[in-house]
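Trainee: Structure incoming, see below.
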Amino acid sequence: MFGNLFEEEEEGGSSGTHLPPKGGDEPPPARGRSDLCGIKNQGGTCYLNSLLQTLLFTPEFREELFSLGPDELGCLEDKDKPGAKVRLIPLELQRLFARLLLVDQQSASTADLTDSFGWNSSEGTNQHDVQELNRILFSALEHSLVGTSGSTFIHRLYHGTIVNSIVCKECGNVSQRQEDFLDLTVCVSGVLSLEEALWNMFVEEELFEGNNLYRCAKCDRLVTAAKSAKLQKLPPFLTMSLLRFSFDFAKCERYKETGRYSFPFTFNLRPFCEQTNGDDSDYTYDLFSVIIHKGGCYGGHYHVYIRDIDQLGRWEPPEEDCKPKTQRKVKEVVKEAFEPKLQEDDPLSVLTSIISQDPSKTVLVDQLGQKLMQKIGSSWSKRFRKHYGPIGKFLQSQSDVFMLVSNGTRVALKTNLPSPVTEPQIPTEPTTNSDPPTASDLGAAEQQQGSNQKPEAEPEQGSHWFDLNDSTVTSIRESDIEKQFQGKESAYMLFYRKTQLQRPSEALNNPQYKVPVHLVQMAQEENIKLRGMREKFEATNNTVELHLHLAPCYRLDNGALQPADKEHNGGTDLSFDRRKTVGDLRLAIYQMQELWEGDMALTVAKSLPAGLHLYNTLTDDNVSLYSAGIYTNSDLFVWNGREVCGATILTGAEWEPVLLTVVRPFVDEDVEQEERDGEEYKENGGGFENGGPGLKREARGFAGGVTLCEVKEALGEPKESVLCQEHKGGKRGEQGGGASGWRVFPPDDMQRTLKELSLKDGDALLVLEPQSFDSSVFTLNGDVVTVTTPSDCRWLQVEFQPHGGGGGGGEGEGEERRKIKVPATGNMLLGEVKQRAMEELQLQQKSPGAQFCLRQVDCTGKLLPPVCEELSVRDAGVRLMTTLTLCPGNAPKASQLFLHFSVGAAPSTGMEMDIIVEETYTVKECLKSMLDAVGLDGTCWHLRRLDWCEEVGEPLMDEDASLSELKISSGDTLVVTEGQLPPKGFLKLTMWLYPDPQNTETDFNHTAGETQSLSLPLCGGSTVELRSVGQVEISDEATLEDLKTQVLTLPALQNVCLPITAFMRVWQLEGGRLARILRGQQLTLRKLKLSSGTDLCVQQLLKEEDLGPKEVLVNVKMGVPGERSYYPPEELVWDASRDSSPRSLRTCLAAHYGLSPDSLLLAKHQPDKHIWEEISNWNQQVSKKKKKKRTESLLGAPFHLKDGDTIGIKNLLIDNNRDFVTQEDEQGQQRLREQAEQRRKGEKAAGSDGTAPQRKAGQTKSRKPEVALSINVGEFR
């Protein structure tokens, strides 16, 4: 029928990787609170699941199927035996129904059933039409049951008869024809209800008249006749298939009917039947199943609403519906008081909140992304993916918080695992987590439930409705069905049963009713197997590995606990069931440590770089380890709770120790002698690590709650000592001249703790005494201490490049010979470095008289300007242990600049020329030097800078200014441009004239000779021609009023007469469209951000205009009632300075037309797409957090309302048509589609030649080819 058009829509946020559970393969979860079993989705089988659940909850169908025994159907064990007749489809359907009724699992699999259909693995991912499946499945069952006692039960239950009659209006002859039906296909388009559709089918007559006459067999000629249809035989079960999907022959595309279409819960078919003399019960039907389709005609999802006739499930009112309003309000207040505020920027907080607030305390991984979108209004990809990666990997990385259950399909919190036995109780006292059910907990819970809980109220009559959505089963109310009358999620198939069909009392609440004994035994065996798997999994999954640290084996050192024996860390491992209590763990440790005396405290510990630190102590012996937050690999410290080896222990996060690197001066006579001689110092490991000569480094731990003063005392330093923190501007050793910077802590910081100062593990702390600054190693400048690095890193590498390019073209050995290492210090002159490099490279002998310079290289390999050889390494900003390039050329002096330049255009990379000039040169002198360098003369040249886009930018206007005054520095690029220097501050603007639609000839008779024009698109498909009236040269310091006055002096506008300039409007053009109106008569053109070359359009007005900065000029068009057209547009000025919301615009338009604001419907026209975007009143929306939503502005996203936009208006009091699209818009949309089709054909043709461009990101993926739905049935005749 529709093939696989109904492809499953992907639920957001799913990840392909899942965290495997600890206990291996996790058993299927037990049934939920509804005590009903769902069906697993194989990837695209939601249509099959919905129909199977409907058949299961049709008791008569189910019992007819169960009545067929193995003697008629055969046995599945014999299916591979030759000659055996095994009817696979009914057998597998029996087994599936038995599992759905009796096996304690959340969902059952249809894999065996679909295998009996002859489907391959890909069929499970292709979705089909459920109406088509209904017919094909019944046909397959009828063929499978040929020759059995159940061969006719499908016909008995579902088949009815329609009689079609044609009555001759002249002779009265009646011609009748009968036809059977399995389901009634009823029209949806143009119909408001099921009753109306049936009336049109079985009550209204179709007349054959005019050109459409009927040939009467009795009259033997064409006559006038009437055709009608009636229901002749009514089946016990009536199936209605709604024609939701139609085909638009004008657009050549499918579409879904989403309008309102109501259907009754109980209705009488007597008016539509041929025989009407029976009792009402013979014609009355009750609704018991509604299959719902969510999505469009090319993709979607099916689920089903079903009335549980035999009351096999546990129906409970929806949580919010069954509570009084006062109770709901109290719950909200308590929730706001005790629930921590959601941190929307923290994905851990958001996901934890989503899972903890779910009633089952678990969430399907496939639905986690969708719930995240509903929670914070943004998807995972937009909000968190950049920083945290895919959501699946994030769940893996937070394995101490989340765990995946149900074979990786659901995610739960490790501190809040779902319990199939009971729901978590609301704690009377604030606790960190809820306990998993232990034996004692369950007994207490049952006792409390028996004493406090009232008997469960019986569900109201007819309220046993459930929503079966693949694996999920939830209770719903009858009123929820009415929500499926319309929309993208709406009813698709209806199933009715005769009211007179009554169920026996023994069938109620009895899922084993009429189930064959061998299937009951099969279900019992599966339940026993599942219970064993769950017990084994729970035992394995609840065992945690604990690391116990015993107090006698530790001592307090450096603010943290350290093992007394380095070889033995004083710890022992223990495997323990986390469902047991803290008291049980304490008893187990007492039994392990027989020699333990006195009290025993168990404190959560953590190994830090500084050592072991203690946090919270487990004081409540009745709390389980699970609720106490004890996970696998947790560290527990066993002590007396007061001291360790006589030392008081500070616990808690505020005292968390920090491992700092304490740096002290280490300068002795040998090192100073080495520095004087400039020789390399070899470290001899003199009692310090990672510190090199001159600095001694030592790792020390301190409690995070101590102050810097206490740190100084602990280090044994005198009061006048100075503490410094390593400078955050760069890494140690990367400062110019081989020096590192340190910042002295101010006096106020000395009273602050390490935590308050944000000091972390590994941070360095420099300790200096006042006499340390007498050494050449340390220099104090303000609050910055400079430490000169030792001599073992005092060198520079020089690489010789004979052609000044990047890289060199020699062999490998030649490359090595061109690189040499020159000893250097921060105070050495760069000229000396060059001289030493040239001597080692022997360049003076090879190229006598040649000039060379040293140049740095940036991170891209580009050569930087030559360094000044008169400066020292430190003053030139050259870092030691880096590479300089020795190139041919001169080096600039301290008073000179090294500039790049080109002639005519922006230079290509590596193609610019170089020149050295004095920084005191004027622009004119610099230009002359450049012209002399390239052999050009003349005065019609000027200099321009390069802008940030590496394109020719603004000219250097002041030719008498020096280069230093213009802030031109070495390495800048200038462009020698031909032509005279333009006047300073002058703009050249191109002017266009907007025609007056009321008097076009007057405006344009003077431009008859003009040929240059610009077509400007308007709303409704029309255009207006702008005429060029010339160019204006004006200073950027001139006002807008001056510009208007000068425009009127153009020859093309000599016939335009205006009283004052306020009668002229000036538009700025961008991209061939009117972009904005220039406001402020006295504002300068510079403040209006006009640049040379801008296009402006002037428009003559009939009245004065002086728009404010927040006043918007819009074109408003009122719709013609009952027609797809508009009255002529009007200009309206909307003041958005105080309020730019949709309501403000609506109020302004209502005042303009004298109407009520609530009767207006507004939309903004988008001429480039030929569509209208409806403007809703956002002020009425309230966020999920029940806070008032911030008023949205029409000046921002998504409308970006600006000058010249068109606003369409519908007066709903007299116009019921809410569609703003006109015929011109539809024609424009058709043109856009044709253009897109032509581009697609062009790309397809290019692809056939092997030249197709790559698919753009975000392009709609192609749909799968449609495949027919079929079920293979064996031959049983």
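The values are calculated or read from the model by the stated rules, or taken from the named source; none is laboratory data. Since the structure is predicted, the reported quantities are computational estimates derived from the model, not experimental observations. Cβ sites come from the backbone with ideal geometry, for glycine too, and all protein chains shown count toward neighbours. Quick note on the areas: whole protein, heavy atoms, side chains included, nothing else; ligands and nucleic acids left out. Shrake-Rupley method; radii C 1.70, N 1.55, O 1.52, S 1.80 Å.
Trainee: Among residues belonging to the range 852-874 that are part of a loop (DSSP other than H, G, I, E, B) and in contact (Cβ under 8 Å) with a residue 40 or more places away in the chain, point out the one that is surrounded by the most Cβ atoms within 10 Å (Cβ to Cβ). Reasoning before the result, please.
Mentor: We begin by selecting, within the range 852-874, every residue part of a loop (DSSP other than H, G, I, E, B); these are 858-862, 867-871, 873-874.
Cutting the leftovers down to in contact (Cβ under 8 Å) with a residue 40 or more places away in the chain gives us 861-862, 869-871, 873-874.
Numbers: 861: 9, 862: 12, 869: 20, 870: 15, 871: 16, 873: 26, 874: 20.
This residue is 873.
Trainee: Filter the range 83-121 down to residues that are in contact with an Asp or Glu (Cβ under 7 Å, 6 or more places away or on another chain) and among the acidic types (Asp, Glu) and give me whichever is surrounded by the fewest Cβ atoms within 10 Å (Cβ to Cβ).
Mentor: Of everything passing the filter in the range 83-121, 112 is surrounded by the fewest Cβ atoms within 10 Å (Cβ to Cβ).
For (1) part of a strand (DSSP E or B); (2) open to solvent by less than 70 Å² (accessible area, probe 1.4 Å), each residue gets a yes or a no:
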| site | (1), (2) |
| --- | --- |
| 588 | no, yes |
| 597 | no, no |
| 602 | yes, yes |
| 614 | yes, yes |
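Trainee: Still on this structure, I have one more. Here is a check on your reading of the model: is residue 311 within 24 Å of residue 61 (Cα to Cα), in contact (Cβ under 8 Å) with a residue 60 or more places away in the chain and either open to solvent by 70 Å² or more (accessible area, probe 1.4 Å) or not in a strand (DSSP E or B) (or both)? So that I can check it myself, show each step before the final result.
Mentor: Working: within 24 Å of residue 61 (Cα to Cα): yes; in contact (Cβ under 8 Å) with a residue 60 or more places away in the chain: yes; either open to solvent by 70 Å² or more (accessible area, probe 1.4 Å) or not in a strand (DSSP E or B) (or both): yes.
Spelling it out, residue 311 is indeed within 24 Å of residue 61 (Cα to Cα), in contact (Cβ under 8 Å) with a residue 60 or more places away in the chain and either open to solvent by 70 Å² or more (accessible area, probe 1.4 Å) or not in a strand (DSSP E or B) (or both).
Trainee: Let me ask another. Tell me which residues, restricted to the range 376-396, are over 14 Å from residue 354 (Cβ atoms) and part of a loop (DSSP other than H, G, I, E, B).
Mentor: Here is the first cut: in the range 376-396, the ones over 14 Å from residue 354 (Cβ atoms) are 381-382, 385-390, 392-393, 396.
Passing the criteria: 389, 390.
Trainee: Something else about it: Quick check on the range 176-196. Is at least one of its residues closer than 15 Å to residue 273 by Cα and among the polar types (S, T, N, Q)?
Mentor: Within the range 176-196, one or more residues are closer than 15 Å to residue 273 by Cα and among the polar types (S, T, N, Q).
Trainee: To continue, here is another question. For the range 141-168, which residues satisfy the criterion of being in contact with a strand residue (DSSP E or B) (Cβ under 6 Å, 6 or more places away or on another chain) and either open to solvent by 50 Å² or more (accessible area, probe 1.4 Å) or touching a residue at least 60 places away in the same chain (Cβ under 8 Å) (or both)?
Mentor: 157, 158, 159, 160, 161, 162, 163, 164, 165, 166, 167
Trainee: Out of the range 164-197, which residues are of a type in the set (Ser, Thr, Tyr) and assigned to a strand (DSSP E or B)?
Mentor: Here is the first cut: in the range 164-197, the residues of a type in the set (Ser, Thr, Tyr) are 165, 175, 185, 189, 193.
Across the range 164-197, the qualifying residues are 165, 175, 185, 193.
Trainee: So for the range 1052-1061 (the condition being in contact with an Asp or Glu (Cβ under 8 Å, 6 or more places away or on another chain), under 20 Å from residue 1114 (Cβ atoms) and of a type in the set (S, T, N, Q)), does at least one residue qualify? Outline the logic, then answer.
Mentor: If we filter the range 1052-1061 for residues that are in contact with an Asp or Glu (Cβ under 8 Å, 6 or more places away or on another chain), which is where we start, we get 1052, 1056, 1060-1061.
From the residues that got through so far, the ones that are under 20 Å from residue 1114 (Cβ atoms) too are none.
No, every residue in the range 1052-1061 fails to be in contact with an Asp or Glu (Cβ under 8 Å, 6 or more places away or on another chain), under 20 Å from residue 1114 (Cβ atoms) and of a type in the set (S, T, N, Q).
Trainee: Residues of the range 356-392 being acidic (Asp, Glu) and in contact with a Ser or Thr (Cβ under 7 Å, 6 or more places away or on another chain), which ones?
Mentor: Narrowing the range 356-392 to residues acidic (Asp, Glu): 358, 366.
Passing the criteria: only 366.
Trainee: Right, here's the next one. In the list 539, 491, which residue meets the criterion of being outside any helix (DSSP H, G or I) and either among the hydrophobic types (A, V, I, L, M, F, W, C) or modelled with pLDDT under 90 (or both)? Spell out how you get there, then give the answer.
Mentor: Numbers: 539 fails: outside any helix (DSSP H, G or I).
Exactly one residue qualifies, and that residue is 491.
Trainee: I need the full set of residues from the range 250-273 which are basic (Lys, Arg) and outside any loop (DSSP other than H, G, I, E, B), in order please.
Mentor: So in the range 250-273, the residues basic (Lys, Arg) come out as 251, 254, 256, 260, 270.
Across the range 250-273, the qualifying residues are 254, 256, 270.
Trainee: Scan the range 210-233 and tell me whether some residue there is polar (S, T, N, Q), within 28 Å of residue 284 (Cβ to Cβ) and either out of contact with any strand residue (DSSP E or B) (no Cβ under 9 Å at 6 or more places or on another chain) or surrounded by 12 or more Cβ atoms within 10 Å (Cβ to Cβ) (or both).
Mentor: Residues of the range 210-233 polar (S, T, N, Q): 211-212, 224, 228, 232.
Next, from what is left, pick out any that are within 28 Å of residue 284 (Cβ to Cβ): 228, 232.
Filter again for either out of contact with any strand residue (DSSP E or B) (no Cβ under 9 Å at 6 or more places or on another chain) or surrounded by 12 or more Cβ atoms within 10 Å (Cβ to Cβ) (or both), leaving 228, 232.
Yes; the residues of the range 210-233 include at least one that is polar (S, T, N, Q), within 28 Å of residue 284 (Cβ to Cβ) and either out of contact with any strand residue (DSSP E or B) (no Cβ under 9 Å at 6 or more places or on another chain) or surrounded by 12 or more Cβ atoms within 10 Å (Cβ to Cβ) (or both).
Trainee: Only residues that are of a type in the set (Val, Ile, Thr), part of a strand (DSSP E or B) and open to solvent by less than 20 Å² (accessible area, probe 1.4 Å): list them for the range 461-488, please.
Mentor: First, pick out the residues of the range 461-488 that are of a type in the set (Val, Ile, Thr): 472-474, 476, 481.
From what's left, part of a strand (DSSP E or B): 472-474, 476.
Hit for the range 461-488 is 476, nothing else.
Trainee: Quick check on my filter: what residues within the range 1071-1112 are without any contact (Cβ under 8 Å) to a residue 24 or more places away in the chain and of a type in the set (D, E, K, R)? Please lay out each step first, then the result.
Mentor: If we filter the range 1071-1112 for residues that are without any contact (Cβ under 8 Å) to a residue 24 or more places away in the chain, which is where we start, we get 1071, 1087, 1089.
The answer is 1087, 1089.
Trainee: Scan the range 79-123 residue by residue and report those that are under 36 Å from the mean Cα position of the chain (by Cα) and closer than 25 Å to residue 33 by Cα.
Mentor: 105, 106, 107, 108, 109, 110
Trainee: Going through the range 1049-1063 one residue at a time, which ones are assigned to a helix (DSSP H, G or I) and in contact (Cβ under 8 Å) with a residue 40 or more places away in the chain? Give the steps one after another, and end with the answer.
Mentor: Residues of the range 1049-1063 assigned to a helix (DSSP H, G or I): 1051-1053, 1061-1063.
Those that are assigned to a helix (DSSP H, G or I) and in contact (Cβ under 8 Å) with a residue 40 or more places away in the chain: 1052, 1053, 1062, 1063.
Trainee: Within the range 1199-1234, can you find the residues that are open to solvent by 90 Å² or more (accessible area, probe 1.4 Å) and over 30 Å from residue 1078 (Cβ atoms)?
Mentor: Passing the criteria: 1213, 1214, 1216, 1218, 1223, 1227, 1231, 1233, 1234.
Trainee: For the range 621-650, which residues satisfy the criterion of being surrounded by 13 or more Cβ atoms within 10 Å (Cβ to Cβ), in a strand (DSSP E or B) and without any contact (Cβ under 8 Å) to a residue 60 or more places away in the chain?
Mentor: Hits for the range 621-650: nothing passes.
Trainee: Can you pull out every residue in the range 824-834 that is open to solvent by less than 70 Å² (accessible area, probe 1.4 Å) and either touching a strand residue (DSSP E or B) at 6+ places or on another chain (Cβ under 7 Å) or modelled with pLDDT of 85 or more (or both)? Steps first, answer last, please.
Mentor: Of all residues in the range 824-834, those open to solvent by less than 70 Å² (accessible area, probe 1.4 Å) come to 824-826, 828, 830-831, 833-834.
Matches in the range 824-834: 824, 826, 828, 830, 831, 833, 834.
Trainee: Which numbered condition in (1) within 15 Å of residue 550 (Cα to Cα); (2) in a strand (DSSP E or B) is the only one that residue 575 fails?
Mentor: If we test residue 575 against (1) within 15 Å of residue 550 (Cα to Cα); (2) in a strand (DSSP E or B), just (1) comes out false.
The rows are residues; the columns are (1) under 30 Å from residue 267 (Cα atoms); (2) among the basic types (Lys, Arg).
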{"position": "146", "(1), (2)": "no, no"}
{"position": "152", "(1), (2)": "yes, no"}
{"position": "169", "(1), (2)": "no, yes"}
{"position": "190", "(1), (2)": "yes, no"}
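Trainee: Please count how many residues of the range 134-158 are touching a Phe, Trp or Tyr at 6+ places or on another chain (Cβ under 7 Å) and over 18 Å from residue 88 (Cα atoms).
Mentor: 2
Trainee: With the requirement that a residue be within 19 Å of residue 1119 (Cβ to Cβ) and modelled with pLDDT under 80, what does the range 1176-1218 give you?
Mentor: If the condition is that a residue be within 19 Å of residue 1119 (Cβ to Cβ) and modelled with pLDDT under 80, then 1176, 1177 are the ones that fit.
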